[in-house]
Each structure stands twice: as structure tokens, then as C-alpha cells.
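The values are calculated or read from the model by the stated rules, or taken from the named source; none is laboratory data. Owing to the predicted nature of the structure, the values given are computational and were not obtained by experimental measurement. Cβ coordinates were reconstructed from backbone atoms using ideal geometry, including for glycine residues, and neighbour counts include every protein chain displayed. Just the protein is used for accessible areas: all its heavy atoms, side chains included, with ligands, DNA and RNA removed. Shrake-Rupley method; radii C 1.70, N 1.55, O 1.52, S 1.80 Å.
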Amino acid sequence: MRIGVYFCRCGGIISEKIREEAVRAGLAAVAADLHVAAFDFLCSEEGKGFLAQDLREHGVERVVIGACSPREHESTFRRVLTGAGLNPFLLQMANVREQIAWVTDGEGEATAKAVRYLRAAVRRVSLHQPLLKKEIAVCPEVLVIGGGPAGLKAALTIAQAGRKAIVVEKSPIIGGLPVRYEELFPTLECGPCMLEPVLDEVLHGEAAANIELLTLAEVTGLKGFYGNFTATIRRRPRYVDGTACIGCLQCAEACPASAANPFNYGLSERKAISVPFDGALPNVPFIEPGLCLHLSGEECRACREACPLEGTIRLDEGEELLELQAGAVVVATGAGLYDSRAIPGLGHGILPGVHTAAEFERLLAANGPTGGELAIGAGEGPGTVAIVHCVGSLDPAHREYCSGICCQVAFKFNQLIRKKVPGTRIVHLFREIVVAGKEDSFLYHQARQDEDTVFCRYPEIGALGIRLEDGRMVIEIRHQGGTETIAADLVVLCPAVVPAEGSGELASLLETPLDRWGFFEEMHGRVDPVQSKVKGIYLAGSCQGPMDIRQAMGQGLAAAGAILSRLVPGRRLELPPITAVVAADRCSGCGVCQGLCPFKAMTFDPERRVAAVSEVLCQGCGTCVAACPAGAITGNHFTDAAITAEIEALLS
Amino acid sequence: MTEPAFEPRIIGFLCNWCSYAGADKAGAAQVPYPPHVHFVRVMCTGRIDPHFVLQAFAQGADGVVILACHPGDCHYKEGNLRALQRHRLLLRLLGQLGIGEERCRFDYVSAAEGDKLAAVVGDLVKMIRAAGPLPVRPEQEIGRD
Ligand code: FES
């Protein structure tokens, strides 16, 4: 085997410290068939040309390069090997610049260490195996879980690229939480006006044909891996044919059954067949089976009789189980609000005048329970609204983080209350005020300049107590030096943003980890912010943490971009070959590796009773290799033989 | 004639992503450390089989150092944790072989911590210089199956 050793002088940087001739002499007896050459800058175009030609001319079969760190130029030189007709993994670099020339005192010591490094590399490279990148075919379709801003933006972007996206939304409508808000921070833009075009685009736009929208649907299983997932989806019946319905809502008018409307947080009623609120999309009513008399076994068919289009209401519709293929998954399931009933002193759910921000949004909305009419006070003079910031935030007993959006919401309320009921006194009770960003301080400054708005800092949420007195809410703030009381007609609580209900179940079903707060965890929060810890599963929006619409849309766009650039139809998935390999005949099936693998790449073949590696999921860390008690797992390119040879040569 | 001063030989196992990059950083900043410190690159410290360490001692190392990404920073999520667990167990075995725990170190070095890398290996060398060469070498075959 002819091994070529190439010594890069790095324009003198290396050769000033490490004597070339002594290196040549030191290598003389290491291997039988050694070819040694030196060059000034091996990484330059000229150097690479020299290397490629020299490899061919001298019939070199394995290559050692003594130069800079492999972290800098290993891939450069691997490409040169490929160009010269050699397998790129038949290369070993000796880091004689960063680890020797730059850090060793004395030429003699540096040269001797370089000889040891190069000898070790020669020994190691003689044990290298040629490795081949494998390729597999991929399914280019994308499954998006969640039909809020982030999910829809992702789906739309994918669809606009001519690719198919399947959106699975568990509620009957799309748009997520913001479609329930009439005006949005930071500019008080009309929410429906901003979001409806996006939703319309999804439902009826040019790319809509590429989007399959499944409402009232949930993912119940996910098998496979990046490039080739199989998802099972349960779809509950809507009982209304969405393709035929014209949205006249005569059915809802005729329906005799009603109950509290969860889309208005129980502040109004809805019929058993209804739309959640005016303007909800798709504009197709649905039947809540628990409320419907017919579905509860009674004779009623009022909706079907009222419907002008025969056959549109399908009371006999049943649940469906679907199986779909997808190459990638986007989790965009949104977030929820901290349950303020967990802070009993605030009286939420008990006192009539205490509402959460989400409820208050509905009270402000024209399509909400009061038609947007805001009643404050008993009519004698202007009333008072207290807005409590940081409910459950910045508090280790609840959530220690700041959600970063609640202050904006609170100052938006300030403006809207002012507009709807002029003269109202507004009190902001806060622990901290956070309004960062170029557009974001506008509403805050407005509130600060407002004559009828006051600010009051409270020490911690436990120091607040709210009680009912003569029809008004009395807020007690227990400061260190004494107690302050404020009477208000309405109290609005701004709770911390928390993971959406069901995140835990979804995470275990997708086998995608959550962070310590229960949000979906990114591969790397800053460098890889849309990739989950599982290859092929992407994250977008507030399922990752508190986020406003702008950030959620950005994340949706980014997730779509990542998928479009990585999962390309017709392009096969390249699998890097530095993975673990199980020798089935040595494996005892003990399962140690399976428990250790952080990427779920190790599976158990129940028939042969041995472990098997998924080359798609394996990232090549080698943890299983080191752990296998039977020595049945090989770490490609980092084999026991190669590493021990290197150790031995370094010490000889 | 005086005996040549004892210069301990060290093998360091460094993960590619943080600690090896930290060593590159020490290089770029030209922070010197003793010449008989040799680094073996693995993709993650989770790859370090305890038998590599025993092998190093058997082959003539006087000290071994394992340098990992800081907790939470491992490129493969938790390989550093595995390495830490294995290191703890290994220390017990080394003790039985008469190799003191000061000769086998585990530490965290990030890609930015070139100074720390040089300090850790410098300190190890200093301690072993004082302790002297490894009194007994383990059999080469220990740790093999
Ligand atoms: S990658 Fe550095 S310890 Fe795992």
C-alpha cells in the first residue's frame, strides 16, 4: 500500500518551527512504501493542483496531510482525493499547525512532536476503509401540524413552490389564536384584515390546490424517518359537506340546542350546529356531537330541513382514519396561556369582572359575545380598568421567564379601551415592563403619555388580592411598607404564554423532545432554530416558546425554506457514511445501544433479535460503539483499530 | 551526569465540535503548552471507550485527559454525559490498577476556551511531573473483550 505524506509549509508558518528534513528522516522507517512531498500552501489552488497530480503520478493509495486543523481543510482535501480518483475517506490530517507549530516551545520539540503526529496518521490511514455516501429516494410532501399563522405560512410557502403540503388542524377553523383578535399590536392593524388574505390564499388562492387542509383532525401516529414518514391521522366528522355548503347559516338558526361557546371562552352561547364566530374560516358550520339532539339519539333534523342545499348536512358521517406519506413534518401547534386560576388571589373564574387577556380580546371584538360593546362601570361617571401584567411570569413559583408579548397586549388594550369608552381610568399593575424592538414602544409611550393612565409596580403576584365589594373589584397590593387598594370595574389579567395543551402527548408521539418548560426544543435555539432534535421534524411558531405573529410567521417561512432547500423532489437524500454499523452475528440483542442513542437511530429487529442502525437517523457520535458490551458495533471512520493505532503511534 | 528531567507523556481525547475546536483556538492564539501532549480527535466524547484510556496507559502514557463540550452543548445532545459517567467508573478501575485518579482527568472545554485548554493540560503535566512516571503499566489486554 503506497501512502503519500504531504507536508504543508503554510508559507513558512509551519516550516519555521518544524524542520522539513528532520520530518522526512523521522518518517523513513514508518511504512514500507512511503512517498513524502512538501508544498508551500497546499490549500491554495496551486497546492490542490499539485496534490491531485502528485497523487496520480506516484500511484498514491492513502493520504496523510500534515498541515492545519482538519476542522479547517479536511473537506477541501477530501474533494481533491475524490477528484484524483481516490475514496475521500482514505485521508488523515495531522494538525501540525494549531497543535504543534503554534503552541510548542523550541524547534527540536516541535519537530519531534510533528514526527509523532505524522507517524500516527500514517498508521491510522493504513487502517481506513473506503466509505461510500448512500442515497435514498424521498417523499417530497410535507405534513404541517397546526393551522395557525406559523403552520399556514409554512404550508403556503411550500405550496407556492409547487409542492404539496398537508395541514392537520384539530379545531374546525384555521388561523389559530390571532383570528380571534380584532386589532393587533404594535400598529393596531385590523387582525382579520391582515390574516384573512393569508387564510383566503390557503383556501382559494393560486397555490391552494397544493394544500390539503384537514380540519377537526389530529395526528395519532408517526412512523419512519426523515424523507419517508408515514403519519396516521384521525379526522372527526364535521357533519357538513364543505364543498357544497354556501355558509348561509340557516341551519344554525333552526337548531334548537345550544350551550356555552368555547371560542368565546364561554362568554356567549352557540348552537349545536354553528360557526365559532362570524368570519371564521373555512366558512362552513360544524356540529358539536355532544350538543346535537339527533346525534344524542333524539328525532331532531331541524338543521337538515332548514338547509337549502339537500345532502349538504350529513348526520350519518363518521370518523375517518387516514394514512399519509410525508418527507418532513412541521410542528406548529401554537401555545396556550398560563391558567390564572392557579393564582387563587386573583379571583379568575370566580369574580365576574376578572377576565384573561384572551377573553378580553373577545369582548373587544365586533364578532365577539358583546358585539364589541364594552361596558365599564355602573354608568355614573367613567369606570376603571385594571390591567395586570406578568400574571404567572417572572416568578419561580409559576413561570420564571418573561413571555415578551404581554406588555404589548396590555398597551394595545390601553388604546382600545380609550377609543371605545373615553374617560376610562386605566391602571397598569406590573412587575417589569418589556417592550423591545423598533416598532414596539409606540403603544407603551402612548400609554405613558395618557393622562388617565397610571402605572403601579407590584412586588410579586402573590402580593395581589382581588375581591368583590359593592359590585366593584377591589385590588389589594401588599407592598413591604403597607397595603394599597385600587377599585376597578374590570380587571384584565395578562398571563404568561405556556405550551399548548396536548404538547406532551404530541411530543411523545413524534418522539421529539420538549424543553424544561414543555415547549418543543430546537436543535439549536440560535443556529438551527426551526429544526427539532429529530431530523426531518421542523418547528415553527409558539410551540417553541412565546412568540408574536411576526416571529411565528418568520419561523413558518424559515421552516418551509429549510425543507425546500433540503428535501428536493428528484434529489436523493445523501447519507453521510460516518455512522455506526452493527455486526449482526456478534450482537446479543441486549438493547444497551437502543437506550443510549440520542437520535432513536437504534432499533431492535424482533425476528433476528439483533440491533439495527438507521443510517438516516444515525449522526455518527459513536456513543453506542463505545457502549456495546459485545463489541458488535463499529464506528465508521473512527474504528477501535484506527483509534488504538493512533494512540500507540503517538506514544512510541 | 544528571538524569534527563522526567517529561510526562499525555494523551488527550477531544471531541470534534467543542474541545478540539478549543485546541485550535489555543493554537491560533499561540498559547503554549508542553510538547508531550497529544490529542486524538473523536466526533464526540461519547465515542471514548474506556479501553482507549487503558490502552494509552499500557502504551506509555503518564496521564490521560478527556475534554468534552460543556453540559448541554454536546453536538449529539448527551454524549458528554455518557463520557462523564464512564469516566467516573473508569477511575474506580484505574484505582484498582494502581493508577491514581489525578492521572485521568475529565473536563469541559468549549470552542472559545483556548486558554482553558492550555491551562488544563498544563496543570495536568505539572502534577504528573511531580508525581513521576506511572509506577506500573496495565496489561495491554485489559479492557479488551
Ligand atoms: S460533541 Fe462534544 S462532547 Fe459530544
Within the range B:17-66, restricting to residues that are assigned to a strand (DSSP E or B) and of a type in the set (V, I, T), the one that is farthest from the ligand (Cβ to nearest atom) is B:V37
If we keep only residues of the range A:517-546 that are open to solvent by 40 Å² or more (accessible area, probe 1.4 Å) and of a type in the set (A, V, I, L, M, F, W, C), then the residue nearest to A:V142 (Cα to Cα) is A:M523
Among the residues of the range A:195-235, the number that are touching a residue at least 60 places away in the same chain (Cβ under 8 Å), open to solvent by 20 Å² or more (accessible area, probe 1.4 Å) and in a helix (DSSP H, G or I) is 3
Criterion first (modelled with pLDDT under 95 and closer than 22 Å to A:E359 by Cα) does A:T424 satisfy it? yes
Among the residues of the range A:638-650, the number that are open to solvent by less than 20 Å² (accessible area, probe 1.4 Å) and more than 8 Å from chain B (Cβ to nearest Cβ) is 3
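For (1) in contact (Cβ under 8 Å) with a residue 12 or more places away in the chain; (2) more than 12 Å from every other protein chain (Cβ to nearest Cβ); (3) buried (at least 21 other Cβ atoms within 10 Å of the Cβ), each residue gets a yes or a no:
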position	(1), (2), (3)
B:Y76	yes, no, yes
B:Q85	no, no, no
B:E102	yes, yes, no
B:A111	yes, no, no
Per the filter on the range A:598-612, residues open to solvent by less than 30 Å² (accessible area, probe 1.4 Å) and under 27 Å from the mean Cα position of the chain (by Cα) are A:P598, A:F599, A:A601, A:M602
Of the residues in the range B:43-73, those that are more than 7 Å from every other protein chain (Cβ to nearest Cβ) and within 19 Å of A:A649 (Cβ to Cβ) come to B:H51, B:V53, B:L54, B:F57, B:A58, B:D62, B:G63, B:V64, B:V65
Residue count, the range A:218-253, condition charged (D, E, K, R) and under 20 Å from the mean Cα position of the chain (by Cα), comes to 2
Apart from one, (1) within 15 Å of the ligand (Cβ to nearest atom); (2) buried (at least 24 other Cβ atoms within 10 Å of the Cβ) all hold for B:I11; the odd one out is (1)
The residue from A:C628, A:C618, A:C624 that alone is over 18 Å from A:L575 (Cβ atoms) and more than 7 Å from every other protein chain (Cβ to nearest Cβ) is A:C628
Among strands (runs of 3 or more DSSP E) entirely within the range A:511-623, at least 1 residues that are on the phi > 0 side of the Ramachandran plot occur in none
Worksheet entry | Residue check for A:E317: assigned to a loop (DSSP other than H, G, I, E, B) and touching a Pro at 6+ places or on another chain (Cβ under 8 Å) | yes
Selection from the range A:624-649 of residues in a loop (DSSP other than H, G, I, E, B), within 16 Å of the ligand (Cβ to nearest atom) and of a type in the set (A, V, I, L, M, F, W, C) yields A:F638
Within the range A:82-112, the residues that are crowded, with 24+ Cβ neighbours inside 10 Å, out of contact with any Cys (no Cβ under 9 Å at 6 or more places or on another chain) and either over 21 Å from B:D24 (Cβ atoms) or facing chain B (nearest Cβ under 7 Å) (or both) are A:Q99, A:V103, A:T104
Conditions (1) under 14 Å from A:A332 (Cα atoms); (2) in contact with a Ser or Thr (Cβ under 9 Å, 6 or more places away or on another chain); (3) of a type in the set (A, V, I, L, M, F, W, C) -> A:V530 fails only (2)
Open item on the list: Going by what's in this entry, would B:A112 be described as outside any helix (DSSP H, G or I) and either farther than 30 Å from A:C624 by Cβ or over 16 Å from the mean Cα position of the chain (by Cα) (or both)?
Closed with: yes
Considering the range B:30-42, residues that are facing chain A (nearest Cβ under 8 Å) and out of contact with any strand residue (DSSP E or B) (no Cβ under 7 Å at 6 or more places or on another chain), and then whichever is nearest to A:Y117 (Cα to Cα), we arrive at B:P35
Given (1) buried (at least 20 other Cβ atoms within 10 Å of the Cβ); (2) more than 10 Å from every other protein chain (Cβ to nearest Cβ), A:Q594 misses just (1)
Those residues of the range A:246-280 which are more than 19 Å from A:A358 (Cβ to Cβ), in a loop (DSSP other than H, G, I, E, B) and either in the same structural domain as A:A365 (by TED's automatic domain parsing) or open to solvent by 30 Å² or more (accessible area, probe 1.4 Å) (or both) amount to A:I246, A:C248, A:L249, A:P256
Q.
For the range A:46-62, check the following and say yes or no: at least one residue is within 14 Å of another protein chain (Cβ to nearest Cβ) and touching a residue at least 12 places away in the same chain (Cβ under 8 Å).
A. no
Restricting attention to the range A:38-65, the residues that are of a type in the set (A, V, I, L, M), part of a helix (DSSP H, G or I) and crowded, with 19+ Cβ neighbours inside 10 Å number exactly 2
